[in-house]
Amino acid sequence: MTFYIKQNDTSPALLATLQDADGIAVDITGAAIRFHMRQIGSAAVEVDAAAVIVTPLQGTVRYDWLAADTAEIGSYQAEFEVTYADASIETFPNDGYIRVKIIDDVA
């Protein structure tokens, strides 16, 4: 999946359904979710922020952008980190990353 957003935009939010290796939505009831993003080729995390659980039984989450998150054009890797109620941690997607492209705007 590649998510496109223009530089300095804060909408639309990034929506994702967290799924296990078999493609089944993960129940995230009672979990805490964080969104992480870094520029491709960099080890530095540029975004580490709380995400919103939209529908816990269906594993749907949302990240609401801040203007600072989209200030720099480029290609990024992103993921959602889930801390379950039992304190175990799982990162989605677990087979790669969500690709985020921030493209320049005209004005």
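The values are calculated or read from the model by the stated rules, or taken from the named source; none is laboratory data. Just so we're clear, the structure is a prediction, and the values are computed from it rather than from any experiment. With ligands, DNA and RNA removed, areas are computed over all heavy atoms of the protein, side chains included. Shrake-Rupley method; radii C 1.70, N 1.55, O 1.52, S 1.80 Å.
Per residue, the solvent-accessible area of the chain (1.4 Å probe, heavy atoms of protein chains only, all protein chains present) comes to 56 Å². Share of carbon and sulfur in the accessible area of the chain stands at 52%, probe radius 1.4 Å. Which of rounded, prolate or oblate describes the chain when judged by the alpha-carbon gyration tensor and an a/c cut-off of 1.5? Note, shape of the chain comes out prolate.
The range 55-70 and the range 80-107 have their alpha-carbon centroids 9 Å apart.
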